[in-house]
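J.: Shown below is the structure under consideration.
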Amino acid sequence: MIFKGYIFTYLYIFLLIGISSLLRNFANGTLTRKLIHIGVSFCFIIFYIYFGSSIHIIIPPFTFIILNYISYKKDLFKGMEEDKNLGTVYYAVSLFIMGLITYFNNSYYYAFGISWFIMAFGDGLAPITSKYIKSKKIYTNKTIVGSLTVLFVSILVMFIFNGIFNLNYSMIDIGIVSLTACILELIGIKGLDNLYLPLEVSIIVYLLGVG
């Protein structure tokens, strides 16, 4: 069971990286990077099914902290390094920290998943929607459309988790989480938001869930 989890996780991620690298010849670099950014979030499903809250949920993120840093220095994975910042490393670090918290506190699992999907889809889709749907900039290079994308994604993710896992987050809870994610993405430092956005959102989701 656990062995299958590792096989599926690494095969899936390297398949994403391979597809993204191939697409660089035909698509915009932002699109190929965000394909990985978004796609990796579905590893949560593999983790949930095969690893549960065991120590194994932190092993893949830890290995990718190392691999992503090597890629950042050596330009190893072409499809994800055009930004030339440590965003991919911070992404893995945030997953490692949330996985570690979940290992010690199983009730953190849903906060882990919700914040991972919000970060992946929100931060992943925001620059794409703002690129193709022009709107006014509201802070540095962040736009109204980009911020609304994060807000909508956050609401949708919360509703999906509420439905699938029979959680009891109220509309107020969903609003608090979504607005927090929107604000954090809006004021975020490029790359570094992959670290603090999911961590802060996961803490709020967890506190609302146990309150």
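The values are calculated or read from the model by the stated rules, or taken from the named source; none is laboratory data. Quick caveat, the model's predicted, so the values are computed rather than measured. When we count neighbours, we look across all protein chains shown, and the Cβ atoms used for this are built from the backbone with ideal geometry, even at glycine. Areas reflect the complete protein model, heavy atoms only, side chains present, ligands, DNA and RNA absent. Shrake-Rupley method; radii C 1.70, N 1.55, O 1.52, S 1.80 Å.
J.: Which numbered condition in (1) among the aliphatic types (A, V, I, L, M); (2) surrounded by 15 or more Cβ atoms within 10 Å (Cβ to Cβ); (3) under 21 Å from VAL157 (Cβ atoms) is the only one that LEU67 fails?
T.: (3)
J.: If you don't mind, there's one more thing I want to ask. Could you count how many residues in segment 81-121 are over 18 Å from VAL157 (Cα atoms) and open to solvent by less than 10 Å² (accessible area, probe 1.4 Å)?
T.: 6
J.: Just one of the numbered conditions (1) in a helix (DSSP H, G or I); (2) under 25 Å from THR102 (Cα atoms); (3) in contact (Cβ under 8 Å) with a residue 12 or more places away in the chain is not true of GLY163; which one?
T.: (3)
J.: Just the residues that are touching a Phe, Trp or Tyr at 6+ places or on another chain (Cβ under 6 Å) and open to solvent by less than 10 Å² (accessible area, probe 1.4 Å), please, taken from segment 162-186.
T.: none
J.: For segment 187-198, give me each residue that is assigned to a helix (DSSP H, G or I) and surrounded by fewer than 19 Cβ atoms within 10 Å (Cβ to Cβ).
T.: Residue satisfying the conditions is TYR196 alone.
J.: Which residues, counting only those in segment 122-141, are of a type in the set (A, V, I, L, M, F, W, C) and either more than 20 Å from the chain's Cα centre (by Cα) or open to solvent by less than 40 Å² (accessible area, probe 1.4 Å) (or both)?
T.: Within segment 122-141, ALA126, ILE128, ILE133, ILE138 meet the criteria.
J.: Pick out the one residue from ILE138, ILE114 that is out of contact with any Asp or Glu (no Cβ under 6 Å at 6 or more places or on another chain), farther than 16 Å from ILE183 by Cα and touching a residue at least 24 places away in the same chain (Cβ under 8 Å).
T.: ILE114
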